[in-house]
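Written out below as structure tokens is the structure these notes cover.
The values are calculated or read from the model by the stated rules, or taken from the named source; none is laboratory data. Everything numeric here is computed off the predicted structure, so don't read it as measured data. Backbone-built Cβ (ideal geometry, glycine too); neighbour counts: all protein chains shown.
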Amino acid sequence: MDMQALLVFERVARERSISVAAASLGLSQPTVSARIQSLETELEQSLFDRTSRGVELTKAGEVFLPYVQRALEVLQEGKEAVRLEGNPVRRLTVGATAAIGAYLLPPVIHSFTLEHDVDIVMYTGHSHQVLQMLLDDVVQVGFVISAPVRAGIKQIQVYQGPILAFASPAHPLTRSESCRLADLKNMQLAMVNWGPGYEDFLSTLTQEIGHPPRGLVKVSPVEAAKTLAASGGVITFLPELVAKPELERGELVPVPIADMPQIDWSLYLLYRDRKLLDQTVEEFISFVPKV
């Protein structure tokens, strides 16, 4: 049985779309269709039904899928075993969002490599891209902001902290004992999308300061928001962890807003749910929550 055809079958089943699966694999749609057809011919069963929204597994396809997933996992484990046999230097591939890669992972990776002789390669992307890298075995572990519910993926919450308002120490609101969201009406605000909870907070904020809000600008990346806030006249809203370097240097300070909604920013470690995990992956998963 053609292993490439099995890979194509698993990807089509996952994406429920021949066109999406073809694009993610770098193949043409006719090639994907041909490989599915070759499997169906060999099995003498139809594996997919076409629908208006893509494709759905048939009963035979549902029965076949877990065996294919198991076969692909065993193949990946075999590749890893051969790689380790030929290369005694252990290697760990990590995927993370840009903010996590910049603010959370550097001290974690530094501490881990002090205790373990391992080379670490890091890839960055949005949370859904990191998940895809994990599913495609591009990375062995991933760090994301929103926790996906996905079969075959395990998750561990490794950080939870608040979203706070920050500004330069020279900003007038940082010298008051307390203020309210309504007091920001005539202030310059720099907003950066931190993930879950952002849109709800933006709605609450605009209700308090007026719609459309005056003086509010949406920026990206997060460094732009921090630079604007540190310049002296702008308030920004960020996860406390992301603002930590500027807080320690005294470039930013929290703005005491009495009616600031309680918003938690959570980070999750993801890894594949496999019976046999790579030793380095196991060590890293055990290490991260301790940091």
(request) Considering only residues that are out of contact with any strand residue (DSSP E or B) (no Cβ under 6 Å at 6 or more places or on another chain) and of a type in the set (Asp, Glu), look in segment 238-279 and name the one that is nearest to Arg150 (Cα to Cα). (result) Asp278
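Tell me whether segment 15-22 contains one or more residues that are modelled with pLDDT of 85 or more, under 18 Å from Asp137 (Cβ atoms) and part of a helix (DSSP H, G or I).
yes
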(request) Please work out if Gly197 is among the small types (Gly, Ala, Ser) and surrounded by 18 or more Cβ atoms within 10 Å (Cβ to Cβ). (result) no
(message) For segment 48-150, give me every one of the strands (runs of 3 or more DSSP E) that falls completely inside it and has 2 or more residues that are surrounded by 13 or more Cβ atoms within 10 Å (Cβ to Cβ).
(response) 54-57, 90-96, 118-124, 141-144
(request) Working only within segment 176-194, note down all residues that are exposed (fewer than 15 other Cβ atoms within 10 Å of the Cβ) and polar (S, T, N, Q). (result) Ser176, Ser178, Asn186, Asn193
